[in-house]
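This report refers to the structure that appears directly beneath it.
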Amino acid sequence: MTSSAVKPTPDGPLGTGGHPATDPDVRVETDRLAGSGTDRPGPYLIGVRHHAPSLSAVLPALLDAARPEVVLVELPAEFQPWLDRLADEATEAPVALAAAPAGPDDSGRLAFYPFADFSPELVALRWARRNGVEAIACDLPLAHRTAPGGAAGDGARDHRPAEGTVEGPAAPGVADALRHRLTGRDCDEDLWDRLVETAAPGSTPEAVRRAALLVGWALRHDAETGPGVDPYDLRREAWMRARIRAASAGGRRIAVVVGSFHAAALLGGPISPEEPPGPDDAGHVLSLIPYTYPLLDARSGYPAGIRDPEWQHTVLDAGGDPERLTEALTAAAVRICAALRTQDHPSGPADAREIVRLAGDLARLRGHAAPGRGELVEAVQTVLAQGEPLGRGRAVARALEQVLVGTRTGRPTPAAPRSGLAPAVESLLAELGLPGPTEPGPRELRLDPLRSPLDRRREILLHRLTACGVPYAEPVATTGPGGTETLGTRWRLHWTPTVAALLTVAGTRGVTPAQAAEGSLR
């Protein structure tokens, strides 16, 4: 790892504005966290970002060295029966575990937990399955999150929260000092990228683990000395400490794969008195559904997303080898230039060569073993956009999205259970020529149900799905000349992971669209 990652700050105060933290504090705390489960009692901590290719690449080696008898992952307890299916070799990422409350009044309150090949939790579960090691979902149950006293808005149709997001302390803190020494950019994600991701090529697995634990400790330290840690996070951590105590009974060696922000809290503190959900709880309808890279991208609105998933997949494939990462960057530069040419903008091998040269120069100036995503994007903007925010600049942005975000879609293992409704609807959509799981983009369609038997069948299916609370079809207002009514209808159709998850919920009321619609209306 580069010197800036191994020793992120020089001797002297880290903070400004009277902040008490010093370099020895950082080193002592990092040693304390990294030493748990190795040279001192406690769980072996692997602090992660939910989608971090650098950690995913080294995690199997870390687990091989730690030899845990139990692996705990930060997932709600209800997903315990699904861990084996998620880790199944036949499951092709990206996929998501989805949960919706079983009550009809809450059919729209969804929670998604997406996974890609570069998600450390998925890598840990796959390692545990291959090695015959028990895996435990150790996070607070979903049933407790929606109970009185739970987090406001928890369980809404959203994804898991971002790790380590802090509302900025009143005075600059440790994370602020690290950020300005490394990058000068006011962004927690950039702190992780610069201290962990870009420093990982050529580093040892243990160095990557320590850097990740350091980032999480710094963010948590600033939260504790500033605005305070969210009470909901404190409640989750108390629950996780209880699960750690139970899993380590009898002296079993355990490893915990958890958001790095939470890692420091797992070595001590109160134990949650809450009991697991009982059989009389309403529960949630759970499913394992396909997901897509565009939805995994942070710019889709997913708060724990990572920018440019296809590039992150490339970083995982490089396995921390600087030479392989440089080769991957060269291939990406060539593909970006090709994508720009498809939009009738000139771009050729000379441009790709200049992108690679400039990205390499930036990496060397910053002390990195190999260029990363930041260097690639800056080089592309410099070489191809030519200072144009519009016109060619927009074309370059589209080319970057096509190559770096990607369109990859996953597929759950065939062994994963599905309700009878979902396959019935997918079959009907294919029969009626309507967009389904293999057509990710939205489509507008005009129907004439009074004169066309095919359109009549389509119209009935769309109304039935709407009655089931499945947000697949949205009517578009249409009027004739002079504001008169038209005989036809217009719909905007879009298959999304939300549709797949809510079909599972609606499947509890019937195995065909007609049965499910009748059950929902009754």
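May I ask you to list the residues of segment 53-72 whose amide nitrogen lies under 17 Å from a point 7 Å from Cα along the Cα→beta-carbon direction of T413? Correct set: 71.
Each listed q (0.11, 0.12, 0.21 Å⁻¹) maps to a log10 I(q)/I(0) for segment 421-521, found by the Debye formula over equal Cα scatterers with no solvent: -0.33, -0.39, -1.08.
The simple Förster model, with R0 at 25 Å and r as the Cβ-Cβ distance, assigns T38 and E275 a FRET efficiency of 0.15. Starting from the Cα gyration tensor of segment 372-477, take the square roots of the eigenvalues, sort them a ≥ b ≥ c, and report rounded, prolate or oblate (rounded when a/c is under 1.5, otherwise prolate if a/b is larger than b/c, else oblate). Oblate is the answer for segment 372-477, as a/c is 1.5 or above yet b/c matches or exceeds a/b. Taking 0.36 nm per residue of sequence separation and removing the Cα-Cα distance, the R446/R341 pair yields an extension gain of 34.4 nm. Here the calculated FRET efficiency for V511 and E69, from their Cβ-Cβ distance with R0 = 45 Å, stands at 0.60, rounded to the nearest 0.05. Each Cα pair under 8 Å and six or more residues apart adds its sequence gap; the mean of these over the residue count of segment 421-521 is a relative contact order of 35 percent.
Run the dipole for segment 321-405 about the Cα centre, Lys and Arg Cβ at +1, Asp and Glu Cβ at -1, nothing else charged, and hand back the magnitude in debye, nearest 20.
I would put it at about 100 debye.
For segment 321-405, a Kirkwood radius taken over Cα pairs fed into Stokes-Einstein (25 °C, viscosity 0.890 mPa s) yields D = 194 µm²/s. Between E323 and R252, the modelled label-to-label distance comes to 4.3 nm, taking each label 7 Å out from Cα in the direction of the beta carbon. Restricting the chymotrypsin sites (Phe, Trp or Tyr not before Pro) of segment 244-325 to loop positions (DSSP other than H, G, I, E, B) with no more than 10 neighbouring Cβ atoms within 10 Å leaves nothing.
Each reported figure results from applying straightforward, stated rules to the coordinates on display, with no laboratory input. All values reported here derive from a predicted model rather than from experimental measurement. Here the Cβ is made from the backbone with ideal geometry for all residues, glycine too, and neighbour counts use every protein chain on show.
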